[in-house]
Amino acid sequence: MRPIRPDDIRRFCEVDNWESKDAKAGKKRRDHDRFFKTLPDGSVLRTKASRGNKELGGDLARHILRDQLRVTEAQFWEAVDQGKRPARAGQGPHPPQRPTLPGWLVAVLVHKVGLPESCVAGMSEDAALKAWQEWTAFPQEEDRRSE
């Protein structure tokens, strides 16, 4: 493994558009520069780089790449050396977001009404509510017995 230095981590964060926690707070810390990045799935990555520039040990470097930056060593060095932003799993074009149905409504339509999940997944909230209201207007025989 090629030795990693704190300056390499700072360069990586610059290329990958991380935000400086210290700059956002309007202050500088003495021991480390702190960075964070919010991924499209909402998870937040955090890392820090020492103010010194001493090489990181192999175990620490692997931990930073894998757990804090969530990149491979090759992706890290492509960013540092070539300015190429890494592609992480789950990133890329996302389908347009549409409103999701409330969990309770999905559960009753699938488990009580008996609609297939694929059918419920394609419903708008209005259509799903209408299906539930129609079903509750005419309770099933087994439901009348439990009343």
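Only the coordinates and a few stated rules stand behind these numbers; no lab work does. Bear in mind the structure is a predicted one, so any value in this text is a computation, not a measurement.
Using only Cα positions of region 37-77, each an equal point scatterer, no hydration layer, compute I(q)/I(0) via Debye at q = 0.27 Å⁻¹ and quote the log10 values to two decimals.
The Cα Debye sum returns log10 ratios of -1.05.
Would you mind classifying region 6-82 by shape? Square roots of the alpha carbon gyration tensor eigenvalues, ordered a ≥ b ≥ c; an a/c under 1.5 is rounded, otherwise it is prolate if a/b is larger than b/c and oblate if not.
Numbers: a/c = 1.60, a/b = 1.11, b/c = 1.44.
It is oblate, given that a/c is not under 1.5 and a/b is not larger than b/c.
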